[in-house]
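Notes for the one structure printed next.
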Amino acid sequence: MSEKVKFGRSPVFFETFNRRPGPIKKNMHYCPGCGHGILHKLIAEAVDHYGIQKNTKFISPVGCAVFAYYYFNFGNISVPHGRAPAVATGVARANPEDYVISYQGDGDLAAIGFNEFLQAANRGENITVFFVNNSNYGMTGGQMAPTTLPGQKTTTSPYGRNPLTEGYPTPVCEIVNALTAPVYIERVALTTPARIAAAKRAVYKGIQNLKERKGFSLIEVVSPCPVNLKMSAEQVNEFIEKQMMNYFPLGVVRDKTAETESRPLPAPVIRESADVEKILFTEKRKDSVAADFRNTSSMFDKELRVKIGGFGGQGILSLGVMLANMGMHRNFNVSWMPSYGPEQRGGSACCSVIVSRKMIPSPILESGIDLMIATTQTALEKYLPGLKEDGILIYDSSAVKLPELPAAMRTYGVDAIDIAATQLGSAKCANSVLMGVLAAVLAANGLNEADQADFDRAFAEAVEEKFGKKPGAVEMNVKAYEAGKKAFQN
Amino acid sequence: MAYQKRMLLKGNEAAVYGALLAGCDCYFGYPITPASEIAQSAALLFPKLNRTFVQAESEIGAINMVIGCVAAGRRSMTASSGLGISLKQEAISYLAAYEMPAVIVDVMRGGPGLGNIAPEQADYFQVVKGGGHGSYRCLVFTPNSVQEMCDMTFQAFTMAEKYRMPAYVLTDGVIGQMMESVELPAAVKYDYDPEWKMGNIINGEANCISSIYMEPNDLEALNKKLQAKYKLIEEVEQSVEEFYVDDAEIVMVAYGISSRVAQGALEQLRAEGIKVGLIRPKMVFPFPRKSLNSAVERGVKKFLCVELSAGQLIEDVRLAIECKRPVELCNRMGGNLLTCDDVCAAVRNMI
C-alpha cells in the first residue's frame, strides 16, 4: 500500500530552518496557538500550487513575522517598521516580472505604516498584502494595537482601551474599500477548519491575482494570539468569534477579480548605451562654432556680470537662460542663477548671469554688476545698489522711474513690454524685445562689428533651439528681437 | 551620430542626467525646494527610457522604495533637502546594514526646523556622521559645479556598488538651482546583476536580505566588517582639489558653493601677495586627512573653514589634523551667503 502524505510540508518551506539561530531548526518561532504558522502554510501551499516560487519576493515586516525569512525558500527582505508596502512597491516596479507579497501585522500596517499601506493600495500596486490582525502588538509583549477592542486590556491599556481617548478599532478592509484601485479585499479568520478552508481560498485568490498581474489584493486574517491575550486556545477562538468579529466582520469586501484584466508587462527598460544617448542627447548643429572660436571684442576680456529683474510672466528667467545659452554656444563659461521660492511666488522674478573666459567663482551677483535689465520699479530699486557706477542700465520706460544716478552710468529706457504687447501681440516675447535692445546697447558700448553679427546669429540659434518645434514661435521671437533693436535706435 | 553633449543645465537636472547615464533604473522622490527639479526632470526623462519614476507619498516612502528596487538588483536613487533627509535616516541606516548601494542627493537648505529654502550647509553632521542609528558611514560626494553634479552622481553609483553602501551627493541650494554648461559623459552599458539580490539562489537557498543579527557576536561581526570597509575607503578613496597649498601660510577649507566663493577670494588675496591656499574636499567621507596633514607638514600655520553652518565641517578639520594648528571659522547661517569680500576679510584678520 502506498502512503500519500496529504498535509505534509510545502516544498516552498525550507526542510530545515537553518536561518533560525539556536538549536531548534525544525519548528517555527511562533508561540503555541499563534495564527502566523497556519497563514505561512497557506501562503507556501498557494505559491507552490501556482508554480511561482522562483519569482516570488516576500517583504518581511517588523513584528512577530519579522523572522518569516527563516521559513520560506523564496526571495525575502526584512524591512523597516511599517514600510513593507513601500519596499514592495520598489521591488514590483524594479522587476515587474516578480510576484511581491507584503506581510504585515496590525501595528506595522495600521499604525506606524498606515500611510505607506494606503498609498500603495491607492496606487493599485501589483502586490498582495497579508494583514494579520490579532488585536495586539505581539512581538513587543502585548501592547495596544489599532485593532484592540474597546475595553480590551493590554500592557499599554491596563484599564482597557477607552474609545474616548484611544478611538475605535481600525476597520482596515472597509477603509481600503473606499479606494478605487484595489482589486480584491477579503477578511478571513482561522478559528475553525471551515474558516481555515475559507482563508485558504482567499490566500489562493490573492496569490492567483499576483500570478495574473491583476493589481492590489488585501487579505486580512483575524488571527489568534493566546499567549499575549493570556487565553487558552479555546478562549481565544471564542474571543475572536464573539468579540473581534463584531468589529471585523468576515467575508469578501470587494472582488473585482473577474472583471479586471491582467496587466501587460511594461516595455523593457532601454539600457544600450547607443539607444540611451539617442534619446537623451540632441543632434549636434552643423553650423555650431568650432571649439577654439573666440569673440574678439575687448568687453569679453573680463567677466561680464548681468542682473535681470522684473515680474513673473515677463520671461525674465528665460531671458537670462537664453543669454547664458548663447554664451555657452560661443565657448564662454557661463552661469545662471535664479531667485527661487517665495520671492518667485510673490510675483517678482530675478536672475544673475555671468559670462566669462575664466572659472566663475560664485554665480550670485550682489555687487559689481556690469549690466542690469529692470522691468519693474521694485527690481530696479532692489538691485541698483549692486550696479557699478559706470554700469549699463536697461529699463522699461513705461514701468520704471529713474532715481538720481551716478553721471557715469549709461541708461537706456525702452518700452519693451508695451512693444511686445501692442506691436507683436504677445507680452510673452517681451524677453526677445529686451534681447534686441541688449544687442543694440552692446553694439553702442564696444561690441565690434564681427561680434554684433555673431550676437544676431547666436540669438537665432538659441531661439531655434528653444522654439524650433513650435510653429511660428521662432519667427515671432526674431521679429521681437528686431523690434527691440529698432526701438533702441529710435 | 554626433550629439550635442554640451548642455546648459541646472545642477538638479544634471544629477538626473548623471544618474541615467550611469544606468539608474528607478527614481523615487518627494518634492521639496530647492531639490524639486530633480524629481521634475526625473519625471520627464526616466519614462523616455522606459525607466521608472514614482512620486512617493513621503520622504520615508521614497527611500523605502529605493530599498525595494535595490534589493531587486536595480540601480535606484532619491533626492531631497535637509528635513527630508532627516526623515530618510532610518532607512539609510538599514541600507548601510544590508550593505546595499543607493544614491541619495541632498540639496541643502536652511535649518533647523522648517528653516527656509535658501542655501545652507548644515546637513553636514547628519549626512557625514551617519544621521541614523548605529555605527555606519555613507560615501559623501561634494560637488561644487553643475558639471560635478552630473559627474559625481554618476560616480556615486559606481562607488556605492563597489563598496556596497549608500552614497550621498551633498550639495546646496545654489549648486542645485544654478545653471552652467555641462559636458555629459557617455552612457554606460548596463550589465548590473548583483549576486546578493533578493531571491538569487545561493547554496541552494533563495537569498534573503536582512539587517537582523539576534546574536550579539553576529552583530558585532557585522559592525567590525563595516568598520574595516570604512577604514579601507579612508585609505584609498580620499578626494580633494588643492589650490596654492605649497607655499601657503593660511589654508582655507571649503566645499560646495563655499569653495567657489573661497576660490574667488583666493585669487583676490593672492593678487595682494597674501600666502593663502585652498583645500576643497570633493568627498567628505572619506575625509581628506592626507591633504590636510600634508599641508600641516608643509608649514601651513593656520586653517580657515569657510562654510554655511554654525561650524560642522570645522570639527572634522580639527580632528583630521588633531588640532595641531589653529582652525578658524568664516561662516554665515540661515540662508545668507558668504561673499568673496567676507572671506577675504576673514583671511586678512588671521595675519
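Candidates B:Asn207, B:Asn217, B:Asn203: the one that is within 14 Å of chain A (Cβ to nearest Cβ), among the polar types (S, T, N, Q) and on the phi > 0 side of the Ramachandran plot is B:Asn203. Answer yes or no as to whether A:Val66 is surrounded by 24 or more Cβ atoms within 10 Å (Cβ to Cβ) and at the interface with chain B (Cβ under 9 Å from one of its Cβ atoms). Considered against the rule, which asks whether it is surrounded by 24 or more Cβ atoms within 10 Å (Cβ to Cβ) and at the interface with chain B (Cβ under 9 Å from one of its Cβ atoms), A:Val66 comes out as no. Of the residues A:Ala258, A:Ala274, A:Ala290, the single one that is within 30 Å of A:Asn325 (Cα to Cα), more than 12 Å from chain B (Cβ to nearest Cβ) and either among the small types (Gly, Ala, Ser) or part of a strand (DSSP E or B) (or both) is A:Ala290.
Would you confirm whether any residue within the range B:171-185 is within 13 Å of B:Ala102 (Cβ to Cβ) and not assigned by TED's automatic domain parsing to the domain that holds B:Val306? Within the range B:171-185, not a single residue is within 13 Å of B:Ala102 (Cβ to Cβ) and not assigned by TED's automatic domain parsing to the domain that holds B:Val306.
The set of residues in the range A:40-63 being of a type in the set (A, V, I, L, M) and more than 11 Å from chain B (Cβ to nearest Cβ) consists of A:Leu42, A:Ile43, A:Ala44, A:Ala46, A:Val47, A:Ile52.
Consider B:Ala43 carefully, then state whether it is closer than 19 Å to B:Glu148 by Cβ and either away from chain A (no Cβ under 11 Å) or assigned to a strand (DSSP E or B) (or both). No; evaluated as a whole, the condition is false for this residue. Of the helices (runs of 4 or more DSSP H) lying entirely inside the range A:372-490, the ones with 2 or more residues being at pLDDT 90 or above and within 25 Å of A:Phe293 (Cα to Cα) are found at A:430-444, A:449-467, A:473-489. Taking the listed residues B:Arg280, B:Arg289, the one that is buried (at least 16 other Cβ atoms within 10 Å of the Cβ), of a type outside the set (S, T, N, Q) and in contact with a Ser or Thr (Cβ under 9 Å, 6 or more places away or on another chain) is B:Arg280, with no other qualifying.
Here the helices (runs of 4 or more DSSP H) wholly within the range A:139-212 that include at least 3 residues being at pLDDT 95 or above and among the hydrophobic types (A, V, I, L, M, F, W, C) are A:172-176, A:193-211. Of the residues making up the range B:252-263, those that are in contact with a Lys or Arg (Cβ under 8 Å, 6 or more places away or on another chain) and either farther than 22 Å from B:Asp106 by Cβ or without any contact (Cβ under 8 Å) to a residue 60 or more places away in the chain (or both) are B:Ala254, B:Gln263.
Could you please find all residues in the range B:2-39 being facing chain A (nearest Cβ under 7 Å) and without any contact (Cβ under 8 Å) to a residue 40 or more places away in the chain? Those that are facing chain A (nearest Cβ under 7 Å) and without any contact (Cβ under 8 Å) to a residue 40 or more places away in the chain: B:Ala2, B:Tyr3, B:Gln4. Selection within the range B:193-243: residues that are touching a residue at least 40 places away in the same chain (Cβ under 8 Å) and assigned to a strand (DSSP E or B). The member of this set that is surrounded by the most Cβ atoms within 10 Å (Cβ to Cβ) is B:Ile209.
What pairs come up if the first residue lies in the range A:159-186 and is over 30 Å from A:Glu259 (Cα atoms), the second is in a helix (DSSP H, G or I) and not small (Gly, Ala, Ser), and their beta carbons are under 8 Å apart, counting only those six or more places apart or on different chains? From residues that are over 30 Å from A:Glu259 (Cα atoms), the pairs are A:Tyr168/A:Tyr247; A:Pro169/A:Tyr247. Is there a residue being touching a residue at least 60 places away in the same chain (Cβ under 8 Å), touching a Gly at 6+ places or on another chain (Cβ under 9 Å) and facing chain B (nearest Cβ under 9 Å) anywhere in the range A:74-88? Looking through the range A:74-88, at least one residue is touching a residue at least 60 places away in the same chain (Cβ under 8 Å), touching a Gly at 6+ places or on another chain (Cβ under 9 Å) and facing chain B (nearest Cβ under 9 Å).
So that you can scan it fast, the table gives a plain yes or no per residue for (1) surrounded by fewer than 24 Cβ atoms within 10 Å (Cβ to Cβ); (2) touching a helix residue (DSSP H, G or I) at 6+ places or on another chain (Cβ under 8 Å); (3) not assigned by TED's automatic domain parsing to the domain that holds A:Ile219:
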| residue | (1), (2), (3) |
| --- | --- |
| A:Gly8 | yes, no, yes |
| A:Arg19 | yes, yes, yes |
| A:Lys54 | yes, no, no |
| A:Ile59 | no, yes, no |
| A:Ala110 | no, yes, no |
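Scan the range B:168-178 and tell me whether some residue there is surrounded by 19 or more Cβ atoms within 10 Å (Cβ to Cβ) and in contact with a Cys (Cβ under 6 Å, 6 or more places away or on another chain). Yes, the range B:168-178 contains at least one residue that is surrounded by 19 or more Cβ atoms within 10 Å (Cβ to Cβ) and in contact with a Cys (Cβ under 6 Å, 6 or more places away or on another chain). Put simply, of A:Tyr30, A:Tyr71 the only residue that is outside the structural domain of A:Ile101 (by TED's automatic domain parsing) and modelled with pLDDT of 95 or more is A:Tyr30. State whether the residues of the range A:338-354 include one that is in contact with a Leu (Cβ under 8 Å, 6 or more places away or on another chain), without any contact (Cβ under 8 Å) to a residue 12 or more places away in the chain and within 21 Å of B:Gly176 (Cα to Cα). Within the range A:338-354 (the criterion being in contact with a Leu (Cβ under 8 Å, 6 or more places away or on another chain), without any contact (Cβ under 8 Å) to a residue 12 or more places away in the chain and within 21 Å of B:Gly176 (Cα to Cα)), the answer is no, since none of the residues qualifies. If you go through the range A:203-253 and keep only what is surrounded by fewer than 22 Cβ atoms within 10 Å (Cβ to Cβ) and of a type in the set (Ser, Thr, Tyr), you end up with A:Tyr204, A:Ser232, A:Tyr247. The set of residues from the range A:103-123 being within 21 Å of the chain's Cα centre (by Cα) and either part of a strand (DSSP E or B) or not polar (S, T, N, Q) (or both) comprises A:Ile112, A:Gly113, A:Phe114, A:Glu116, A:Phe117, A:Leu118, A:Ala120, A:Ala121, A:Arg123.
The values are calculated or read from the model by the stated rules, or taken from the named source; none is laboratory data. A quick note: this is a predicted structure, and the numbers were derived from the prediction, not measured. Please note: Cβ atoms are built from the backbone with ideal geometry, for glycine as well, and neighbour counts cover all protein chains shown.
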